[in-house]
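Here's the structure, in structure tokens; my notes come after.
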Amino acid sequence: MNRFAPGRTFKSRGRPYEILGPKDHWMRDGRYVEMIRYQSVCAEPGCKRTFIALTTKTRIRKGQLNKRCELHHAPGVPIPVQRVRKKRPKIRLKKPSAAARLAARRERAIQRALVAMQRIQRPSYLD
């Protein structure tokens with residue numbers, strides 16, 4: 001399915017958007033760019049207007065979309081990202097006892113010694 005098909009809805013940084021369709025655009029240097037027309041609700045607190053804007057596919061992928069209507073548009077002033085965070089219970093880890101730490105240290109030393117012995121026993125490419 002086409003990611004930029006008319007009627008498709010998506011969320012970018014917590015805000016819902018709906019794609020209305022493509023619009024042809026020719027750059028001054030003669031290049032063709034397909035602009036995407038989209039609509040959304042203004043992010044300004046208390047404003048419930050829906051607005052229509054144009055952007056490129058690249059800016060949609062990067063999340064660089066207009067989030068406010070023409071009345072409240074403020075270039076360079078970011079909108080806070082709406083994230084829903086789930087609270088996870090904190091897991092407290094118990095410190096291992098001194099005997100357990102010593103046993104783990106011994107085990108690592110044995111593993112290092114085995115690896116060192118395996119390195120020594122490799123045949124040389126000169127043989």
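A count restricted to region 30-49 and to residues that are more than 16 Å from residue 15 (Cβ to Cβ) and surrounded by 12 or more Cβ atoms within 10 Å (Cβ to Cβ) stands at 3.
Here's the yes/no breakdown for (1) open to solvent by 100 Å² or more (accessible area, probe 1.4 Å); (2) part of a loop (DSSP other than H, G, I, E, B):
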position	(1), (2)
51	no, no
65	no, yes
79	no, yes
95	yes, yes
112	yes, no
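Of all the listed residues (114, 126), the sole one being more than 26 Å from the chain's Cα centre (by Cα) and modelled with pLDDT of 80 or more is 114.
Residues in region 35-46 that are modelled with pLDDT under 90 and either in a strand (DSSP E or B) or farther than 17 Å from residue 75 by Cβ (or both): 45, 46. Residues in region 1-26 that are farther than 25 Å from residue 79 by Cβ and modelled with pLDDT under 85 were compared, and the one that is surrounded by the most Cβ atoms within 10 Å (Cβ to Cβ) is 2.
The values are calculated or read from the model by the stated rules, or taken from the named source; none is laboratory data. Keep in mind that what you see is a predicted model, and the values were worked out from it rather than measured. Note that each Cβ is placed from the backbone with ideal geometry, even for glycine, and that neighbours are counted across all protein chains shown. To get the accessible areas, we keep the full protein, side chains included, count just its heavy atoms, and leave off ligands, DNA and RNA. Shrake-Rupley method; radii C 1.70, N 1.55, O 1.52, S 1.80 Å.
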